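Reviewing the structure listed below.
The values are calculated or read from the model by the stated rules, or taken from the named source; none is laboratory data. Since we're looking at a predicted model, the values are computed, not measured. Cβ placement follows ideal geometry from the backbone for every residue including glycine, while neighbour counts extend to all protein chains displayed. Accessible surface areas use protein heavy atoms only, side chains included; no ligands, DNA or RNA. Shrake-Rupley method; radii C 1.70, N 1.55, O 1.52, S 1.80 Å.
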Amino acid sequence: MKTRVLVFGLFLSLASGLMAQELNLEQVLDKYYQAGCFDKLKHVKTIIMTGNLVQQDLMPVKIIRVRPDKYMMEFDVADMTAYQVFDGQNGWMTAPWTGNSVPQAVTAERAIDLKNKADMDGILYHPKKKGHNAELAGTDTVNGLTVYKIKVTRQDGGIEYYFIDHSGFMLQKRLYFRNSGGKELSIENFYKDYRKVDGIPFAFIVETNNAGRVNEIQFESIELNKHVDLKIFTMPAKK
Amino acid sequence: MQIKLCFLTVLCIVLSVCGYSQEVLQWRGPDRTGFYHESNLLKSWPETGPPLLWEYDGLGAGYGSPVISNSTIYVNGEIDTISYLFALNRSGKFLWKAPIGKEWTLNYPGSRNTPTLVNDLIYVTAGLGTVACLDAKTGEKRWSVDMVSDFHAPLNRFGFSESLVVSGNSVFFSPGNADSNVVALDRFTGKIQWICKGLGQMTSYCSPAIIRLPEREILVTFSKSELLGIDTKDGTLLWSHPQDGGGDVHINTPLFENGFIYYITGDGNGSVKLKLSADGKEITEVWRNSACDNTMGGFIKLNDYIYTASYGRRYWYTLEANTGKIVDSVKFDKGVTIFADDILYCYNEKGQLGIFKPNGPRMEAAGSFKVTPGSKAHYAHPVICGGKLYVRHGRSLMEYDVKRK
């Protein structure tokens, strides 16, 4: 009996894997766009996400995106407010916990990361049109879910992986890499607690595993199409 | 004469029945235990919380709580790197502000301490080391010393943060220098009474407790990696209790009750119960529970149980006071706690302020609301005085009506 159960389990597992591989990249992305209500998302001009980054301390976080290419993350470290911003052309940041709160330009690598974050639809939305190359790289599992693994070679040559579950077609995980002090670090984002806002699903929890250091952003509110003053994205002049 | 006595008796009865103390003179209430001796307070809250009576939003940055006299509310705040003592009237209107000294702004910028009010004098500190005594009516400085220049205190990681404790003619503070761990000054003149070398360790941001025994009075505070018991008469170090955690942040005020000392640290041993000998010269560890830590939220001991927020796990725990075992938990994120009229007031770092009815080990939720006015982190310990709940959130101080009608 035990053997039968095991064989049946193995069959189910293989079958689900095979089913998962039945779709090609275009079909997977199509279903991903449908599940993510991208037809509605394209009409969204601004997104304001407010919550807390939770690790040892609790750090308030606010993320503002404005179509097509503006991004601001405002967050508190040691109860001092810091910014990471992409103004549509360039990236800038502040790091007051270093003792210097003067805004400064970010590195080229960080600027690319911020630019990608500014893309409200995400890198998987018609990647070719944005100069990225996407390919289906088989299946995997994320938190017990069978997922399609999509490899994206970005326009700048960087490689990222996206994991979309094969039944609900929601993004479950992103894996990307960052250079730190000459070492390549792998960073994983896990997307959880999807809830609909104005009919569009958003992950209200994003867990990040940055080379073993885990934190979680818990969003308390996500607002769409609120007025945003574009001046906030401009890097303040040095005094 | 008889009529006068009669009137006084009736007045005392009326005041005791009303159950609203009109003054809060120091950090975490009359005994520094987080207990506010009030009665007839709301036992449940609506979703919007109790009525907000007023908000004063000009305090600058800070994390300290207010103290409250019959006529005046005092609270510290930092503006442009200077720490000020603010005086408001009981309706929340600004009266005056007096500069104390340079404030800490390198991280968690803002004033840290809660003032201590003794009659017409008020004692305050500033994050870069000023210890000052001010006239409580005018804010005029009576005297001040500087922990760094006068006592060679090394600068620490988060600024000088203790809320000064006063006993008799003395005011105590911890510069944390190798030769002057803890210092007692004459509270009227600022002159040195004694210097305790202690273990020559840096300060740990703790606001001390005073234990009063028949034989002696003991100042209990933390240095970098030890709990210290110091005779307040002459500064003799009576005993110490080492911390295993490796950190240097031991902010919570220890508690003494019926021969036992309780403390909870975030960076040290976690939760601990010590037995203090009758003469106050020796301690013996009864239990410790490193699973229950708390960096700066305080704790409440009520009969057989201790209630506190675990910082590592973000749950509120109930510990059995006899054994130190965790016997219940509630998910409410980490924060600070005080107690009044059979209710725990829990204010978490997400700004949610909730009340819980302790029922043996259980904390039964009875309402909560989000504190939205103010700025920056929700760290300040609330205060209850005269049926009013005072919440400081950065630049703002709010008064809520928590009287039961």
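Summed over the residues of the protein assembly as shown and divided among them, the accessible surface reaches 44 Å² per residue at a probe radius of 1.4 Å.
Cα gyration tensor of segment B:148-284, axes a ≥ b ≥ c as square roots of the eigenvalues: rounded (a/c below 1.5), prolate (a/b > b/c) or oblate? Note, shape of segment B:148-284 comes out oblate.
For chain A, the mean residue ellipticity at 222 nm estimated from helices alone is -6000 deg cm²/dmol, where every DSSP H run of n ≥ 4 contributes -39500 (n - 2.57) and the total is divided by all residues, rounded to the nearest 500.
In chain B, the portion of solvent-accessible area held by carbon and sulfur atoms comes to 53 percent [1.4 Å probe, whole percent, DNA, RNA and ligands not counted]. Taking Cβ atoms as reference points and 13 Å as the exclusive limit, the residues near B:GLY110 contribute a net charge of 0, counting Lys and Arg as +1 and Asp and Glu as -1.
State which entries of A:LYS231/B:LYS350; A:LYS42/A:LYS226; A:LYS117/B:LYS334; B:LYS43/B:LYS388; A:LYS115/B:LYS376; B:LYS137/B:LYS388 exceed 20 angstrom in Cα-Cα distance in the structure shown. Listed pairs above 20 Å: A:LYS231/B:LYS350; A:LYS117/B:LYS334; A:LYS115/B:LYS376; B:LYS137/B:LYS388. With angles folded into 0 to 90 degrees, how steeply does helix A:2-22 sit against the dominant principal axis of chain A? Use alpha carbons for both and round to 10. Rounded to the nearest ten degrees, it is 60.
What is the distance in Å between the Cα centres of segment B:106-170 and segment A:74-144? If we compute the Cα centre of each part, the gap is 44 Å.
Measuring nothing but how far apart in sequence close Cα pairs (under 8 Å, 6+ apart) lie, relative to its length, segment A:2-233 scores a relative contact order of 19 percent. Let me make sure I get this right: for segment B:35-401, a, b and c are the square roots of the gyration tensor eigenvalues over alpha carbons, sorted descending. Under 1.5 in a/c it's rounded, otherwise prolate if a/b > b/c, else oblate. Which is it? Oblate, since a/c reaches 1.5 and b/c is not below a/b. For segment A:18-63, the set of trypsin sites (Lys or Arg not before Pro) satisfying both a DSSP loop assignment and a count of at most 15 other C-beta atoms within 10 Å is given as A:LYS42, A:LYS45.
Counting only Cβ charges, +1 for Lys and Arg and -1 for Asp and Glu, the dipole size of the protein assembly as shown around its Cα centre is about 1100 debye. With an a/c value of 1.5 or above and a/b not larger than b/c for the gyration tensor axes a ≥ b ≥ c computed over the alpha-carbon atoms, segment B:243-309 is described as oblate. For the pair segment B:320-351 and segment B:371-394, the centres of their Cα atoms are 17 angstrom apart. When +1 charges are put on Lys and Arg Cβ atoms and -1 charges on Asp and Glu Cβ atoms, the dipole computed for chain B relative to its Cα centre reaches about 760 debye.
Close amide H contacts of B:ASN269 (hydrogens built in the peptide plane, cut-off under 5 Å, sequence separation of 5 or more or a different chain): B:ASP244, B:GLY245.
Mean residue ellipticity, 222 nm, helices only, chain B: the sum of -39500 (n - 2.57) across DSSP H runs of n ≥ 4, divided by residue count and rounded to 500, is -1500 deg cm²/dmol. The phi-based Karplus calculation (6.51 cos²θ - 1.76 cosθ + 1.60; θ = phi - 60°) puts the 3J(HN,Hα) values of segment A:195-202 at 9, 8, 10, 6, x, 10, x, 10 Hz, whole numbers, x for Gly and Pro. What the phi angles of segment B:329-337 give under the Karplus curve with 6.51, -1.76 and 1.60, with θ = phi - 60°, is a coupling list of 8, 9, 7, 8, 6, 7, x, 10, 9 Hz, glycine and proline written as x. A Cβ-based charge dipole, computed about the Cα centre of segment A:2-233 with Lys and Arg at +1 and Asp and Glu at -1, lands at about 420 debye.
With springs only between Cα atoms under 10 Å apart, run a GNM on chain A and tell me which of A:GLY182, A:GLY51, A:GLY138 wobbles the most. Taking springs between Cα atoms under 10 Å, the residue moving most is A:GLY182.
Here the 3J(HN,Hα) profile of segment A:176-193, calculated from phi with Karplus coefficients 6.51, -1.76 and 1.60 at θ = phi - 60°, is 9, 10, 9, 8, 9, x, x, 10, 8, 9, 9, 10, 10, 10, 10, 9, 9, 6 Hz, Gly and Pro shown as x. With both labels modelled 7 Å from their Cα along Cα-to-Cβ, the B:TRP54 to A:THR98 distance reads 4.5 nm.
Note on B:ARG404 and B:VAL327: their simple-model spin labels are 2.5 nm apart, each label 7 Å out from Cα toward Cβ.
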